[in-house]
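Engineer: Mind looking over this structure? Questions follow.
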Amino acid sequence: MRANRIKTRIIRPILFGLLSFVLIPMPAKAQTMVYLERSETLNFDQERIEDAQILKGNVVFRHDDMKMYCDSAYFYEKTNSLDAFGHVRFVQGDTLQGFGDKLFYDGNTKLARMRKHVKMIHGRADENPTILTTDSLNYDRAADIAWYFAGGQVQDSLNTLVSIRGNYRPKTKTAVFSKNVTLTNPRFVLTSDTLLYNTETKVADLVSPTDIIYEKETDIHTSRGWYNTQTERCALYDRSVVHHADGKMMTGDEIFYDKLGGFGDALGQMEIVDSTRQTTLYGNVGKMWEEDSRGFATDSALMVDWSDEEHYTYIHADTLFTEEQHYTDSARMDSTYRRVRAHHSVRVYRDDMQMVCDSMVYFGSDSTIHLYTNPVCWSENQQISADSMIVYIENGTVSKAYGEGSALCVMADSIDFFNQMSGKEVTAFLEEGEVKLVDMSGNALTIYYPKESDGEYVGMNTTESSFIRMFIEKRQIHHILFTKETTGILYPMDQIPGGGDKLASFFWAEEIRPTDPKDVFRKIDN
């Protein structure tokens, strides 16, 4: 009980002190008087203008650090206000002045209302001042903010901005524009509905749908971000788009773009579309260089080649690079082609062939895909592999696949039986997306299952030759050609030796085969 009384004694004075502090009113800021400094004539006309001093000829007023000049005026000393007419000018400090035909000024609120042919100049004449022009301008000296509401323009050393409504703060050199905003720069035009702008840093804050147009060069579309109109660097958010006249377009959740440097960096669902080459690069992290039209993607990287409407190519890898290469062909003609590089965990899907490898390069000069490190290709029921491979594309479809070193071709004849060929080099020829012919050379070995006309298996045939050619029709072996030096054995189906139905290099990797465009993203355990 005593402890509670002690607490009460201690707390009450503190609370009383706090309440007393809150209840004490803050003193109002002292108002200052407007002074008439000069006038050639001074008259009164109480019937026409009550309580007004009628002033004419080189009239000068002073209020704090601001002076006001005009041809004539009505001065209301009781209300500390005035109406000024003709060649109106005000000067505040040594960096702010305004011009107009009329001025209505309230010294108590420090609100100046200027009308007709209004111009406000902020900054020294020799330092590229900011110039605001409009027909109606209000300037709140206490809040240090000027605003117009029926159309106006702000011009600094670099840009000209026009809008229906706008305000400008001389102290911070910041402006807010709204409704039909246009920023004109010597190199581009920016249009928006709302824009924040700093006349000193030349940075525009983009807070509404905005278009930035470089004539015959680049179009930028965004709804949020900032743009440095001096360095031409920007940060763009909310699925912005950078579109170049040559057909390339970058889209992303976040884009950092350097126009002068010709470089773009995108994060989040990035897309780089090349409508000329008809390719699209995807990823969660991407970069684009205008020089050589280079592109980079990683984190769910994907490139889609849609140059052929019937056969799209989908390439996924840990990282993807695209670029234009310039070369001189055999006829001494200068040409440009697209090169695509894919690194690590490469998976490719086409409806006529699927591929996996560790790294890949596509050359647009001859439409070839080069596969390195454990490449495997599939077409229908055919699997082809080698130490390295080249896939040839003609008229939008795969025409040939060539493999060198530890070459292997496997054709699934059924769930239990596989026709097999191995050697040093393999070439598979395709027509309309189907393998029609396979050549194997260099210590070529085969295991295949010949059939009767009714489809019954004859047995298992093993051969060894320097060269083998296999003809295929309707996904089945039609016939095989060998060199004269070929040796072989035909085993009846019930006499196939145990373990003898597989070549030493045999493997069947159907489980890692991409089955559709989305399946290229499937992770494969090593």
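Every read-out reported here was derived from the displayed coordinates using simple, explicitly stated rules and does not represent laboratory data. A quick note: this is a predicted structure, and the numbers were derived from the prediction, not measured. Every residue, glycine as well, gets a Cβ built from its backbone with ideal geometry; the counts of neighbours run over all protein chains shown.
Engineer: With a ≥ b ≥ c the root eigenvalues of the C-alpha gyration tensor of segment 347-414, is it rounded (a/c under 1.5), prolate (a/b larger than b/c) or oblate?
Structural biologist: Numbers: a/c = 1.81, a/b = 1.23, b/c = 1.47.
Because a/c hits 1.5 or more and a/b fails to exceed b/c, segment 347-414 counts as oblate.
Engineer: A follow-up question, please. Which lysines, if any, have their Cα less than 25 Å from the Cα of Lys56, not counting same-chain residues under 8 positions apart?
Structural biologist: Counting by Cα, and skipping residues close in sequence, Lys56 has these lysines nearby: Lys67, Lys78, Lys102, Lys110, Lys116, Lys119.
Engineer: Can you sort Thr79, Thr313 by how many other beta carbons sit within 10 Å, fewest first? If you can, show how the numbers build up before the last one.
Structural biologist: Values: Thr79 13, Thr313 25.
In increasing order of surrounding Cβ atoms, one gets Thr79, Thr313.
Engineer: Here's something else I'd like to know. By how many nm would the segment from Asp387 to Asn108 grow when fully extended, if each residue of separation counts as 0.36 nm and the alpha-carbon distance is taken off? Walk me through the intermediate numbers first.
Structural biologist: On the way: separation 279, 0.36 × 279 = 100.44 nm, distance 8.87 nm.
Stretched out fully, the Asp387 to Asn108 stretch lengthens by 91.6 nm.
Engineer: While we're looking at this one, here's another question. Calculated from DSSP H runs of 4 or more alone, at -39500 (n - 2.57) each and per residue, what is the 222 nm mean residue ellipticity of the chain, nearest 500?
Structural biologist: On the way: 1 runs with 22 residues, N = 526.
My calculation for the chain gives -1500 deg cm²/dmol from helical runs alone.
Engineer: I'd like the trypsin sites (Lys or Arg not before Pro) in segment 166-224 restricted to DSSP loop residues with at most 16 other Cβ atoms within 10 Å, sorted by number. Before the final figure, lay out the partial values.
Structural biologist: Values: sites: Lys171, Lys173, Lys179, Arg187, Lys202, Lys216, Arg224; in loops: Lys171, Lys173, Arg187, Lys202, Lys216.
Loop-located and lightly packed - Lys171, Lys173, Arg187, Lys216.
Engineer: Moving on to the next point. In sequence order, what are the phi-derived ³J(HN,Hα) couplings for segment 267-283 according to the Karplus relation 6.51 cos²θ - 1.76 cosθ + 1.60 with θ = phi - 60°, rounded to whole Hz, with x for glycine and proline?
Structural biologist: 10, x, 6, 6, 9, 10, 9, 10, 6, 6, 7, 6, 9, 10, 10, 10, x
Engineer: Starting from 0 in steps of 10 Å, tell me what percent of the Cα-Cα pairs of the chain lands in each bin.
Structural biologist: Computed distribution, short to long bins: 3, 14, 15, 12, 11, 10, 9, 8, 7, 5, 4, 2, 1, 0.
Engineer: When Tyr392, Tyr448, Tyr35, Tyr168 are ordered from fewest to most other Cβ atoms inside 10 Å of their Cβ, what list results?
Structural biologist: Details: Tyr392 17, Tyr448 20, Tyr35 14, Tyr168 26.
Going from least to most buried by this count: Tyr35, Tyr392, Tyr448, Tyr168.
Engineer: While we're looking at this one, here's another question. Determine the relative contact order of segment 151-228: mean sequence separation of Cα pairs under 8 Å and six or more apart, normalised by residue count, in whole percent.
Structural biologist: 21
Engineer: Over the chain, what relative contact order in percent results from Cα pairs under 8 Å that are six or more residues apart?
Structural biologist: So the answer I get is 4 percent.
Engineer: Now for a different question. Name the trypsin sites (Lys or Arg not before Pro) in segment 90-148 that are in a loop by DSSP and that have at most 14 other C-beta atoms within 10 Å, would you? Present the calculation step by step, with values, prior to reporting the outcome.
Structural biologist: Details: sites: Lys102, Lys110, Arg113, Arg115, Lys116, Lys119, Arg124, Arg141; in loops: Lys110, Arg124, Arg141.
The qualifying sites are Arg124.
Engineer: For segment 231-307, rounded, prolate or oblate, judged on the Cα gyration tensor with a ≥ b ≥ c (square roots of eigenvalues), a/c < 1.5 rounded, else prolate if a/b > b/c?
Structural biologist: oblate
Engineer: Relative contact order for segment 30-132 using alpha-carbon pairs under 8 Å, separation at least 6, rounded to a whole percent?
Structural biologist: Working: 252 pairs, mean separation 19.2, N = 103.
Here the relative contact order equals 19 percent.
Engineer: Additional query: Checking the table Lys202/Lys259; Lys202/Lys248; Lys424/Lys523; Lys424/Lys474 against a 19 Å threshold on Cα-Cα, which pairs fail? Display every interim value, and only then the final one.
Structural biologist: On the way: Lys202/Lys259 15 Å; Lys202/Lys248 28 Å; Lys424/Lys523 30 Å; Lys424/Lys474 27 Å.
Distance filter (> 19 Å) returns Lys202/Lys248; Lys424/Lys523; Lys424/Lys474.
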